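Each value in this text was obtained by applying a stated rule to the coordinates, not by laboratory testing. This is a predicted model, so every value here is computed, not measured. Cβ sites come from the backbone with ideal geometry, for glycine too, and all protein chains shown count toward neighbours.
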Amino acid sequence: MFRGTYTALVTPFRDGEIDEAALRRLIDEQVAAGIDGIVPCGSTGESATMSHQEHERVIKISVEQAAGATKVIAGTGSNNTREACRLTRAAADAGADGALLISPYYNKPTQHGHVAHYQAVAESADLPLIVYNIPGRTGVNIAPETLAQLATIPGIVGVKEASGSVDQWTRIFQLCPADFCVLSGDDVVTLPLMAMGGHGVIAVVSNLVPRRLKALVDACAAGDYAEARRIHYALLPLMQALFLETNPIGIKAAMAMTGRINEELRLPMTPLSAAPRLRLAGVLKAQGLISA
């Protein structure tokens, strides 16, 4: 259902508020680039520091501005199952094409708890759901066996996989149905994950270079791994530079350097430090994205 290149969209802020005009411009840029979809209100979108009202507003704007030209997968995850259900219903009401739900963070639920959490959300809203497994942020890994259970629940259609474990990817592909979408949750492993059978990526770097990342993913899907490797290695310094500090610090700095948004984050995120900023600027210049 969800294959290809999806951009984990940043949320532009100005003077503490959502910069709606800038958000619409970013979506227009993604649509013009032919991206397969956008993902507002994820980790890259700083959803953890947005109010429920802001969260719903960003999703509504995203659906309006995309206007059916690209898919909208709304971030609706929470460590509070009731809240995740409510946010997912709101995304469905807004017209989103799907929802991305990070596994409950801080609570550290058991594997059984993960199944119960996602089942409750799936039963609460008529919207295709993508599980987001990123143990580095949540504190708990969703085991491949658990994903196989989740894949049997109506409405749960895939996973954004960011465990970083090749062994885990292998087990997921062995245990889950072929039509269960496995999307990379880490830009730099998009190529190897797709080579093993993955279906695409939910990416950060495509905020900056959507056409280039889409070309990589499309090459993988076509089995042209020589071209995919060429693009991968060309983009690798940029992918690495964006994660010198915690996401979305790097991508917001890069988006500001290239004139797309105001560089504003919400605490506890703070602007990119001096040394990483200098390195990022050098990479952006080498990539032809800024002139100085």
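From the alpha carbon centroid of the stretch 123-172 to that of the stretch 77-111 is 13 Å. For the stretch 4-222, the residue among Cys220, Pro109, Ala120 whose Cα projects farthest onto the positive side of the dipole built from Cβ charges is Pro109.
What number, rounded to the nearest 500 deg cm²/dmol, is the helix-based mean residue ellipticity at 222 nm of the chain, given -39500 (n - 2.57) per DSSP H run of at least four residues and division by all its residues? Before the final figure, lay out the partial values.
Details: 12 runs with 134 residues, N = 292.
Using -39500 (n - 2.57) per qualifying helix, the result is -14000 deg cm²/dmol.
Computed over neighbours whose Cβ is under 15 Å from that of Gly75, the net charge equals +2, Lys and Arg +1, Asp and Glu -1. Note on the chain: dipole from Cβ charges, positive end direction compared against Ser62, Thr44, Gly75; the farthest Cα belongs to Thr44. Amide H to amide H, with H built 1.01 Å from N, Thr7 comes under 5 Å of Gly37, Ile38, Val39, Ala203, counting only residues 5 or more places away or on other chains. Enclosing the Cα atoms of the stretch 235-292 in their convex hull gives a volume equal to 71 cubic angstrom per residue. Computed over the chain, the percent of Cα pairs more than 22 Å apart is 55. Among Gly158, Gly75, Gly113, the largest mean-square fluctuation in a Gaussian network model of the chain (Cα springs under 10 Å) belongs to Gly113.
Taking the Cα centre of the chain as origin, work out the dipole magnitude from +1 charges on Lys and Arg Cβ and -1 charges on Asp and Glu Cβ, in debye rounded to 20.
Dipole size: approximately 520 debye.
For the chain, the membrane-span-like helix rule (DSSP H, alpha carbon extent of at least 15 Å along the helix axis, mean Kyte-Doolittle at least 0.0) picks out 210-221, 225-241, 274-286; this says nothing about an actual membrane. In whole percent, what relative contact order does the chain give with Cα contacts below 8 Å and a gap of six or more residues? Relative contact order for the chain comes out at 18 percent. Between the stretch 1-28 and the stretch 186-248, what's the alpha-carbon centroid distance in Å? Here the answer is 19 Å between Cα centres. Quick one: Debye curve from the alpha-carbon atoms of the stretch 67-150 only, equal weights, vacuum; give me log10 I(q)/I(0) at q = 0.14, 0.16, 0.24 Å⁻¹ to two decimals. Computed log10 I(q)/I(0) values: -0.44, -0.56, -1.13. Amide H to amide H distances under 5 Å link Leu100 with Ala74, Gly75, Thr76, Ile130, where only residues 5 or more positions off or on other chains count and H is placed in the peptide plane. Ratio of Rg to Rh for the stretch 101-180: 0.93 [Cα atoms; Kirkwood radius as inverse mean 1/r over pairs].
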